[in-house]
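**Q** Supplied in structure tokens, the structure appears directly below.
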Amino acid sequence: MKNNLSPSILSADFGKLNEEIRKIEKHSDSLHLDIMDGHFVPNISYGSPIVKDIKTKLPMDCHLMITDPLKYAKDFAPYVNRIFFHAELFDRRRLRSTINGIKKLGVECGLALNPDKSIDIIRPVLKDIDAVLIMSVYAGFGGQKFMPEVLGKIHVLRAIGFRKDILIDGGINKETIFEAASAGANVFIAGSAIFSARDSVKAIKELRDAL
Ligand code: DX5
Ligand code: ZN
């Protein structure tokens, strides 16, 4: 499976966002957009007006850290390729209806799980989704420390035959990326390791070298 690098713009300079993106564009495989509502997570990030103005040819993943993903997914769907929401929000029935509702918007749908949430929550719907996002920090902030204990979930997902994208999100840097890849993750989201570095392109190259 191809390893993909997906910079998270959360740590970018929003005063010159498109310039920051243009710099890393040809070195990246996709862009990761973190949408926070100050309710599901104790932080507010940015919304669809910012996403609408992003200029890039890269595919975009939208990571909704919000309590009502279906209500707001339609605002992001015209601009992004995949929408992820947190599986731990809902019981099985609402999980299914939310997945179906998001797919009806014409985008792929993935499920995210915080570090303390079991993959048992997503097992019944694995066939219905396009990707899984494993959080290796608690959702809400960039720049936190990688939690290697979540990697067991990726091992299990691959062992039970899940062959679609598994994204790892949080604390990915040149020290942690290799163990995430060894566990079976193939999409590596990195925010501060790229955008807090002095040279974002060099930082991406270092991440690829570490893989
Ligand atoms: C955290 C977000 C992450 C974040 C990663 O809630 O989901 O995507 O941007 O940032 P770093 O790479 O700094 O941990
Ligand atoms: Zn994210």
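The values are calculated or read from the model by the stated rules, or taken from the named source; none is laboratory data. What you see is a predicted model, and the numbers here were worked out from it, not measured in a lab. Backbone-built Cβ (ideal geometry, glycine too); neighbour counts: all protein chains shown. Surface areas here come from the heavy atoms of the whole protein model, side chains and all, with no ligands, DNA or RNA. Shrake-Rupley method; radii C 1.70, N 1.55, O 1.52, S 1.80 Å.
**Q** Normalised by the residues of region 1-90, what does the relative contact order come to in percent, with Cα pairs under 8 Å and at least six apart? Mind showing how you got there, number by number?
**A** On the way: 131 pairs, mean separation 23.5, N = 90.
Value for region 1-90: 26 percent.
**Q** So, one more: Per residue, how much accessible area does the chain show when a 1.4 Å probe rolls over the protein heavy atoms, in square angstrom? All intermediate terms of the calculation are to be shown ahead of the outcome.
**A** Details: 9760 Å² over 211 residues.
Heavy-atom accessible area per residue stands at 46 Å².
**Q** Heavy atoms only, 1.4 Å probe, whole protein assembly: order M36, M147 by accessible area, highest first.
**A** Numbers: M36 10, M147 40 Å².
Putting M36, M147 in descending order of accessible area: M147, M36.
**Q** Now for a different question. Rg/Rh for the chain: what does it come to with C-alpha atoms and Rh from Kirkwood? Don't skip to the end; give the middle numbers.
**A** On the way: Rg = 15.8 Å, Rh = 16.9 Å.
My calculation of the ratio gives 0.93.
**Q** Moving to a separate point now. Amide H neighbours of S30 under 5 Å, counting only residues 5+ apart in sequence or on other chains, H built in-plane at 1.01 Å?
**A** L5
**Q** Past 22 Å, Cα to Cα: identify those pairs from K74/K145; K16/K55; K55/K104; K16/K202; K55/K164; K104/K127, in the order given.
**A** Numbers: K74/K145 32 Å; K16/K55 12 Å; K55/K104 25 Å; K16/K202 19 Å; K55/K164 27 Å; K104/K127 16 Å.
From K74/K145; K16/K55; K55/K104; K16/K202; K55/K164; K104/K127, over 22 Å: K74/K145; K55/K104; K55/K164.
**Q** Shifting gears a bit: So if each residue of separation counts as 0.36 nm, and I subtract the Cα-Cα distance between K71 and K16, what length gain in nm does that give? Working shown, then result.
**A** On the way: separation 55, 0.36 × 55 = 19.80 nm, distance 2.93 nm.
My answer for the length gained is 16.9 nm.
**Q** Still on this model: Using amide H atoms built 1.01 Å from N in the peptide plane, name the residues 5+ places from A112, or on other chains, whose amide H lies under 5 Å from its own.
**A** F85, H86, A87, L133
**Q** Okay, moving on. Dipole magnitude of the chain about its Cα centre, charges +1 at Lys/Arg Cβ and -1 at Asp/Glu Cβ only, in debye to the nearest 20?
**A** Details: 30 positive and 26 negative charges, 129 e Å.
Dipole magnitude for the chain comes out near 620 debye.
**Q** Which percent of the accessible area of the chain is formed by carbon and sulfur heavy atoms (probe 1.4 angstrom)?
**A** Values: 4870 of 9760 Å².
That share works out to 50 percent.
**Q** Still on this structure: Rolling a 1.4 angstrom probe over the protein chains, ignoring ligands and nucleic acids, what is the accessible area of E206 in square angstrom, nearest 10?
**A** 60 Å²
**Q** Here's another thing I want to ask about it. For region 25-86 and region 175-204, what is the separation of their C-alpha centers, rounded to whole Å?
**A** Spelled out, the Cα-based centre of one part sits 19 Å from the other.
**Q** Might you work out the accessible area of H32 for me, using a 1.4 Å probe with all protein chains in place, and round it to the nearest 10 Å²?
**A** Counting only protein heavy atoms, H32 exposes about 0 Å² to solvent.
**Q** With each label point set 7 Å from Cα along the Cα-Cβ vector, what nm distance links F178 and K127?
**A** 3.9 nm
**Q** If you don't mind, another one. Based on the Kirkwood radius over alpha-carbon pairs, what value in µm²/s does the Stokes-Einstein equation return for the translational diffusion coefficient of region 51-168 at 20 °C and 1.002 mPa s? Intermediate values should be presented prior to the final figure.
**A** Values: Rh = 14.7 Å.
Diffusion coefficient, whole number: 146 µm²/s.
**Q** Might you report the magnitude of the Cβ-based charge dipole of region 159-207 about its Cα centre, with Lys and Arg at +1 and Asp and Glu at -1, to the nearest 20 debye? Walk me through the intermediate numbers first.
**A** Values: 6 positive and 6 negative charges, 28 e Å.
Approximately 140 debye in magnitude.
**Q** Report D53's accessible area, 1.4 Å probe, all protein chains in place, as a number in Å² to the nearest 10.
**A** Here the residue's solvent-accessible area equals roughly 80 Å².
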